[in-house]
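Everything on this sheet refers to the single structure shown next.
Every number here is computed from the coordinates shown, using simple stated rules; none is lab data. No experiment lies behind these values; they were computed from the predicted model shown. Neighbour counts run over all protein chains shown; Cβ positions are idealised from the backbone, glycine included.
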Ligand SMILES: C[S@@+](CC[C@H](N)C(=O)[O-])C[C@H]1O[C@@H](n2cnc3c(N)ncnc32)[C@H](O)[C@@H]1O
């Protein structure tokens, strides 16, 4: 990962307990020990947690919903790690060349739409800053090599 915006002295805290913020409609294995909660992560009250994590959710959301998600998670968790794709020509080209020939047409279509619907690094950074404006929270933003993914790590 290539980090940027690292300016938070609170990142050396130890996380004790983790709550997963995943899509609420996903089916989990019966033996999974984590509680499963059906909820709208943008609007519903969420379980108290030390850490919240979302993966590949952001590109499904409008700008206002990304802001709403970040604020809503901050009401229940001390930290939020949001991982998502990056809208950029490079991952789109790499997907077409190295992934698309080996997967089904549905996955090809879904993958390309997902990258196109994603936020650029600048957009996601600005949305996060807007969501946290006026609060005591701070965040760092990392973009992986080849723009393969981006991570927003918020400490509320
Ligand atoms: C691309 S899938 C990612 C699923 C999983 N996190 C993964 O990485 O395999 C995006 C998921 O976000 C969920 N989702 C969309 N809006 C949501 C919301 N407001 N609250 C909770 N989950 C939501 C959808 O149900 C969908 O399953």
> At what distance in angstrom do the alpha carbon centres of region 60-90 and region 125-155 lie from each other?
Replying inline: 8
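So if R0 is 22 Å, what FRET efficiency would residue 96 and residue 64 give, r being the distance between their Cβ atoms, rounded to the nearest 0.05? Display every interim value, and only then the final one.
Details: r = 31 Å, r/R0 = 1.40.
Using R0 = 22 Å, I get an efficiency of 0.10.
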>> How far apart, in nanometres, would the label points at residue 56 and residue 136 be if each is projected 7 angstrom from Cα along the Cα-to-Cβ direction?
In response: 3.7
